[in-house]
Amino acid sequence: MRLAALAFAMLLQFAPGVFGFVTPAHSLSTINKHEDSTTSLSSSLKQPTWQADLDELVSPLTPPGRRQILLQELLNANQEIRASVQKALQDRNIDPLLTPTQRKLQAGTQAVARQLANDILPSLAQNGPPSDPLSLLPSPDDLQKVGSSVLAAIGNQLQRNFEILQSDLVDPATRIPQRLSKQTKDLVKEAQNVLRDTPVGLQEPPYTVVAEAADYEIRDYAAYTVACTNMATVQGESSGDSIGENGSESASSITDVGQSGAAFNSLAAYLFGANAQGQSMDMTTPVTTTFQGEMRFYLASPSVPAPLDASNSNNPYETGRVWIQNIPAARLAVRRFTGFVTDGEIARQKESLLLALQLDGVELDVAHGQTVGHVIFQYNPPYTIPVMRRNEIAVPVLRDLSQNLDDAWQVETEE
């Protein structure tokens, strides 16, 4: 009987809904708060729970030696696990038994279901099927442009691979095995990213978490450089002007699939060699979209090549206009959510974030009378399952004024 409770808990790890337990109606907010609190500084000092140990035990990334330790720890926690299981059976509520991964999956599933019911399916029903199905197919001109873009990108990648091969041939006995080993590890990481909320192996803008709350965290971002393009024509915007996080709300939609896909392709082409130097750079994360209709890629390369002129007849990529922009250092309040980035979900998450900031007395860095601008961070490749995706909405907030006053008083005192 010693392993009975542990076996039952492990069964819940793979099939939490098989017993038909009732999940309380308020469980979504409870789970969201729990998820956010697990990343706080205070919670990081707590001892790991048996649920976290079980999570790590079944993870394919856990080394065999660590598995033996975790299994022994779970056996030692037999009485605690048994009591937890008995209480869950009595209350007909499995939430306290869920591991951190299960909580994420549960919250993600509920979020995706909400997005499908409230945003995606109503939009499809309202628009209806196209009157001419052939209109969905690309035109011959578009196909030619896409073909030219793909061939040019492939040519650029082949040139880069040839240069790598030349360097490997200097010491083939050492460099070629190292190269193959690195490529194998990269493929494994890419496959694992399907089930990760945050992909590994990709650089992102540097920031420091300065405060954490149940529904958001405050980050100080250092200045960084991005490649930008327009997702849609914004009323009153002059193409290429620097756009910050503040300003008046635009009536343009930034979630149109066609426009966002074209913007992504333009920036990806720039990264992969559609630039004045023909320089290929590594992909980064997150992909950022602004409420004013821009899409941005973070540039981690120490040397930033100039974009090609979109009107140049020698530009084989046929991309939209790309420009380089320096994003100044800023303090942002960031709220995390999962699933699809729909207009409805953006509105819901923004409303929740602004309400939480107001209740906590956090002042927004927005001029009086202006609409609060926001940015959306999307971290995952498109093949990541929706319930595991990491999305974030961020708004600018003021730095601690009291600290600034204390510093000023200290300077006056010293003088």
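Answer yes or no as to whether P396 is closer than 29 Å to T225 by Cβ, open to solvent by less than 50 Å² (accessible area, probe 1.4 Å) and at pLDDT 95 or above.
yes
Of everything in segment 349-379, what is open to solvent by 20 Å² or more (accessible area, probe 1.4 Å), touching a strand residue (DSSP E or B) at 6+ places or on another chain (Cβ under 8 Å) and not β-branched (V, I, T)? Give them in sequence order.
Listed by number, the residues that qualify are K350, S352, L354, E363, L364, D365, Q378.
Is there any pair with a first residue in segment 87-111 that is over 27 Å from N391 (Cβ atoms) and a second that is open to solvent by less than 60 Å² (accessible area, probe 1.4 Å) and not in a helix (DSSP H, G or I) whose Cβ atoms are under 7 Å apart and which are 6 or more apart or on different chains, and what are they?
From segment 87-111, the pairs are A88/I94; R92/F21; N93/F21; N93/P24.
Got at least one residue in segment 62-69 being buried (at least 18 other Cβ atoms within 10 Å of the Cβ) and modelled with pLDDT under 90?
From segment 62-69, those buried (at least 18 other Cβ atoms within 10 Å of the Cβ) are none; that's our starting set.
No, there is no match, as no residue in segment 62-69 is buried (at least 18 other Cβ atoms within 10 Å of the Cβ) and modelled with pLDDT under 90.
Which residue is modelled with the lowest pLDDT, if the candidates are limited to segment 299-335 and must be over 26 Å from L354 (Cα atoms) and assigned to a strand (DSSP E or B)?
Per the criteria, the residue is P307.
Give me a count of the residues in segment 244-288 that are open to solvent by less than 30 Å² (accessible area, probe 1.4 Å), under 14 Å from P305 (Cα atoms) and either out of contact with any Cys (no Cβ under 9 Å at 6 or more places or on another chain) or at pLDDT below 50 (or both).
9
The values are calculated or read from the model by the stated rules, or taken from the named source; none is laboratory data. Keep in mind it's a predicted model, so treat the numbers as computed, not measured. Glycine gets a Cβ as well: all are built from the backbone with ideal geometry, and neighbour counts include every protein chain shown. SASA here: full protein model, heavy atoms, side chains in, ligands and nucleic acids out. Shrake-Rupley method; radii C 1.70, N 1.55, O 1.52, S 1.80 Å.
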